[in-house]
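Scroll down for the structure; my scribbles are underneath it.
The values are calculated or read from the model by the stated rules, or taken from the named source; none is laboratory data. Computed from a predicted structure; not experimentally measured. Because the Cβ atoms are built from the backbone with ideal geometry, glycine has one as well, and the counts that use them run over all protein chains shown. Areas reflect the complete protein model, heavy atoms only, side chains present, ligands, DNA and RNA absent. Shrake-Rupley method; radii C 1.70, N 1.55, O 1.52, S 1.80 Å.
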Amino acid sequence: MTTEQIHEAARQAAPEPARIAPLPVEEWSEDAAQTLPKYLRRPELFLSGRPDALPMPTSLRLFAHHIRLTEPWLAFSEVLASRNAVLDPRHRELVVLRVAWRTRSSYEWTHHLRIGKHSGVTSEEIHAIPQGAAADLWAPLERAMLAAVDQMIDQFRVDDETWQVLASHLDKPQLLELSFVIGSYLCLAQVLNNVGLQAEPPTEVIDAPALPALGT
């Protein structure tokens with residue numbers, strides 16, 4: 001999408017107000033102020049105090065409402081994208097993008113388009129996400145991963161045929177991590193959809209299909 005298309009889509013979308021509005025930083029509790037900045041990838045961009053400092057991400061401002069619940073969630077989520085993760089980052093992002101597409105999670109879709117591009121996901125692959133496993137360009141493992149997303153959403157379990165393909169390419173820690181990636185990002189998408197959290201405006205132009213509205 002071009003910059004003009006992004007702005008036009010934003011104007012047309014006119015999202016409804018969030019059911020739970022992100023909490024302004026100046027209203028954070030002491031616990032939130034001490035804990036949440038640890039989960040910024042580049043805290044210096046947000047905490048410099050300069051006029052050009054970035055605003056605190058809306059997800060952290062939402063999580064500030066219930067720090068005892070959300071801090072353990074953030075710590076768990078960090079493991080899935082840390083040096084300790086065992087899945088290939090590109091594969092992880094393909095899976096998250098498919099979750100975001102299926103759940104119509106604008107927050108996950110917007111953020112993981114950027115993360116996916118930086119993890120090696122190509123524009124062609126991004127445009128194939130709406131087709132899921134049916135797209136022609138996937139290697140067998142990628143096709144099975146995308147099928148696993150749909151099966152966990154539709155039937156709450158990966159079927160035996162797909163699991164056999166996954167198990168022929170991945171070891172047990174990777175299989176377990178894949179299950180957690182799908183399940184945790186599905187949970188997060190549902191929470192963010194439910195509270196009506198909208199993503200921040202994109203910081204870079206990424207060629208991608210427009211996410212359909214929730215409920216379509």
Margin query: Could you tell me the extents of the chain's C-alpha atoms along the three principal axes, largest first, rounded to whole Å?
Written below: 52, 38, 29
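Can you tell me how much longer the chain between Ser179 and Leu69 gets when fully stretched, taken as 0.36 nm per residue apart minus their C-alpha distance, in nm with one decimal?
Net length gain for the segment: 37.4 nm.
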Check: What is the local net charge at Leu80, summed over the other residues whose Cβ is closer than 9 Å to its Cβ (Lys, Arg +1; Asp, Glu -1)?
Finding: -1
Margin query: Using only the alpha-carbon atoms, how far is helix 89-103 inclined from the longest principal axis of the chain? Give it as 0 to 90 degrees, nearest 10.
Written below: 80 degrees
Checklist line | Built amide H within the under 5 Å cut-off of Gly196, gap 5+ | finding: Arg19
Next item on the list: Describe numerically, in nm with one decimal, the distance between label points set 7 Å from Cα along Cα→Cβ at Glu27 and at Asn84.
Entry: 3.4 nm
Next item on the list: Using only Cα atoms, tell me the angle between helix 106-118 and the longest principal axis of the chain; keep it within 0 to 90° and round to the nearest 10.
Entry: 70 degrees
Notebook entry, point to check: Mean separation of Cα pairs under 8 Å and 6+ residues apart, divided by the residue count of the chain: what relative contact order is that in percent?
Noted result: 30 percent
Next item on the list: Note down the accessible area of Glu200, probe 1.4 Å, to the nearest 10 Å².
Entry: 40 Å²
Next item on the list: Starting from one equal scatterer on each C-alpha and no solvent at all, send me the Debye-based log10 I(q)/I(0) for the stretch 89-214 at q = 0.09, 0.10, 0.14, 0.16 Å⁻¹, two decimals.
Entry: -0.23, -0.28, -0.56, -0.74
Item checked: Per-q log10 I(q)/I(0), the stretch 37-99, q = 0.12, 0.14, 0.15, 0.23 Å⁻¹ (Debye; single scatterer per alpha-carbon; no solvent) -> -0.41, -0.55, -0.62, -1.07
Notebook entry, point to check: Roughly how many debye, to the nearest 20, is the charge dipole of the chain about its Cα centre, given +1 on each Lys and Arg Cβ, -1 on each Asp and Glu Cβ, and no other charges?
Noted result: 280 debye
Checklist line | Counted charge near Glu124, where neighbours are those whose Cβ lies closer than 11 Å (Asp, Glu -1; Lys, Arg +1) | finding: -3
Margin query: Given 37 °C and 0.692 mPa s, compute D for the stretch 29-157 with the Stokes-Einstein relation, Rh being the Kirkwood radius over Cα pairs; round to the nearest whole µm²/s.
Written below: 200 µm²/s
Notebook entry, point to check: If we count every other residue with Cβ under 12 angstrom of Leu113's Cβ, Lys/Arg +1 and Asp/Glu -1, where does the sum land?
Noted result: -3
Notebook entry, point to check: Taking the C-alpha atoms of the stretch 141-216, how large are the radius of gyration and the largest Cα-Cα span, Dmax, in Å?
Noted result: 15.2, 41
Item checked: Contact order normalised by residue count of the stretch 111-203, Cα under 8 Å, 6+ apart, percent -> 20 percent
